[in-house]
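Written out below as structure tokens is the structure these notes cover.
Where a number appears in this text, it was derived from the coordinates with a stated rule and is not lab data. What you see is a predicted model, and the numbers here were worked out from it, not measured in a lab. Don't worry about glycine lacking a Cβ; one is built from the backbone with ideal geometry, like all the others, and counts go over all protein chains shown.
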Amino acid sequence: MEAHSESKLNNGDLRSLKNCWVHFVAIGGTGVGALAALLQDQGAIVTGSDGPLYPPMSTFLASRKIPMKTEYSSLNLEGATWGLKFEFPQIVVVGNAISRSNVEAMRVEELLALQKIKRMSHAEALAESAIGDRKSLVVAGTHGKSTTTSILTWALESLHKNPGFFIGGLPKNFESGCRLGTGNIFVSEGDEYDTAYWDKESKFLHYRPHWVLCTGIEFDHADIFKDLQAIEKMFVKLSAKTREGFLLIDSDSSPKPASTEVLAAAIRERGLKLFRYGKKNGSDFQLLSCQATPIQKSTLGTKILFKSQKWGSVELLSPMTGEHNALNLCGVLGLLIASGELDKPEEAQKFLSSFQGIKRRQEEVFVSDELIVIDDFAHHPTAIRETVDAIKSRYPTSQVAAFFEARSATSSRQVMADDFAKCFDNADALFLSPPTKLNIPEAEKLDVFSLMESIKARPENHGKCFVLNKENMALVEEFRKWRISLKSQNKKQVVALVMSNGPFGGIHKILAEKG
């Protein structure tokens, strides 16, 4: 790496980054690599450390020529390690997956005590470097944040607003998940996960919101939150940080209506504007109907009937499938109309027609006449159920095989077992891998053997194919046998829906080659 001489950081903030060294601890975390690229674009010299990374983040960082180490070390905080003339980074951005006992975190604390560095969380760095005093639109909620934020951002881009944005995934309409933008609007995916080891409150509290779109509240992040009420408290705190108003999913559409109403009461108490969206009669922005339909030759989407006071009832064609995506769109339209950014229905159809989606959200990664492999990030029972249903509507004549790996802190715990037993009902087959997370207390671990028996015992699943195995090759071999049995029944095309918030051991490629 080219050597650079030390540069003074004005006022210790992120507004003057020219030749400033910024080091990221856990650069591969959700959206962190995109923020690193944004700071690089602002003139910073960026380095990072993490464990082994996988595509798409590893290839993205390589394309940006951001140097990184795949092992944490105190030496990563020394300029000589990177061929720099700096003694230490001016700023260290620490990801929320890093614990205080991490070797780099311990060195960060030493340097911080000596006033040698500025320590920041990802959320703080985003707020200072990109959001600033712009009109901040935040998308929050347990499910659908990345997709909804991508739709909202693309809508504003199509309306020539040139927004800045931060999205936890990789939207296909843009080169990365984070951009400074030149307009006066910044759009953020508002994650309720904790901010950093020194700040255990939710990241979205840092995003300076003018407007919030909330897709619903449900229990998740069992490693951080004790119960659903603890999550509700974070959303109530978010309402205290919000300046103008909320677009909140209605009680007929929310996964946990009681939790949504707790938030609604707090919003009203603070005198903020409150608009509701969803399927309920009388909601400000109503989804009247959604139906899978061909929108292009051999391509299915959704015909949506949307109602608002300003537009009346209008029909829109969306490239996305599934009721959950129709509701996400309904919320985006409501927010754009309520905040004064969208005027005419034809403008909505224009951005919808060109929306390409987001990587790892119902993404086709292999297509042949007889096999389609889809990659999806779903890992919570509600998201799994909605995704399976969406894929069934998108491929109505195909058999859908669900592959699932319990990998997150919540899905690896027994607390979700009852919900997991029901969420695969509409799949034609299930290929289940045991949890991969190792640091779960034994008493809390998901019992996948009992789970599989509970799934098999449900009346909806009698006669279906179910396989439990920790080896991907074994899962794929059983899948291949199942496909052969289907051909004898003249059921030829199969959709393999792979759901995990991790790489699942590259099973997508194995399915494409051997399935």
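Need the full-extension length gain, Asp252 to Asp369, defined as separation in residues times 0.36 nm minus the C-alpha distance. One decimal, nm.
38.2 nm
The modelled label-to-label distance for the pair Ala417/Gln309, using points 7 Å beyond Cα in the direction of Cβ, is 4.9 nm.
When the helix-only estimate is applied to the chain (DSSP H runs of n ≥ 4, each -39,500 (n - 2.57), divided by the residue count), what is the mean residue ellipticity at 222 nm, nearest 500 deg cm²/dmol? So the calculated ellipticity at 222 nm is -9000 deg cm²/dmol.
Summarised as an ellipsoid, region 363-514 has semi-axes of 24, 16, 14 Å, derived from the eigenvalues of the Cα gyration tensor scaled by 5 and square-rooted, with the largest first.
Between region 470-495 and region 202-264, the C-alpha centres lie 41 angstrom from each other.
Multiplying the residue separation of Glu109 and Asp133 by 0.36 nm and removing their Cα-Cα distance gives an extension gain of 5.7 nm.
Length gained on full extension, Lys237 to Asn19: 74.8 nm, using 0.36 nm per residue less the C-alpha separation. Rounded, prolate or oblate: which fits region 341-412 when a ≥ b ≥ c are the square roots of the eigenvalues of the alpha-carbon gyration tensor, with rounded for a/c under 1.5 and prolate only if a/b beats b/c? Since a/c reaches 1.5 but b/c is at least a/b, the shape of region 341-412 is classed as oblate.
Note on His210 and Asn426: the model spin-label points, each 7 Å out from Cα along the C-beta direction, lie 3.7 nm apart.
For the chain, the relative contact order works out to 10 percent when only alpha carbon pairs closer than 8 Å and six or more residues apart are counted.
Note on the chain: antiparallel DSSP beta bridges, both residues inside, total approximately 30 percent of the bridges counted.
In this calculation the C-beta distance from Arg480 to Lys280 is compared with R0 = 30 Å, giving a FRET efficiency of 0.10. Bridging of Lys69 to aspartates and glutamates at a Cα separation below 14 Å is possible for Asp50, Glu78, Glu104, once same-chain residues fewer than 8 apart are set aside. With the cut-off at 1.5 for a/c, could you classify region 201-297 from its C-alpha gyration tensor as rounded, prolate or oblate? Here region 201-297 falls in the prolate category.
Under the simplified labelling scheme, the Ala457-Thr182 pair shows an inter-label distance of 6.4 nm, with each label point 7 Å from Cα along Cα→Cβ. Among the listed pairs Lys65/Lys118; Lys237/Lys437; Lys392/Lys481; Lys18/Lys145; Lys241/Lys344, those whose Cα-Cα separation exceeds 27 Å are Lys237/Lys437; Lys18/Lys145; Lys241/Lys344. Would you mind classifying region 10-124 by shape? Square roots of the alpha carbon gyration tensor eigenvalues, ordered a ≥ b ≥ c; an a/c under 1.5 is rounded, otherwise it is prolate if a/b is larger than b/c and oblate if not. Verdict is rounded for region 10-124.
Measuring nothing but how far apart in sequence close Cα pairs (under 8 Å, 6+ apart) lie, relative to its length, region 10-124 scores a relative contact order of 27 percent. Beta bridges per DSSP, both residues in region 363-514: antiparallel share near 20 percent.
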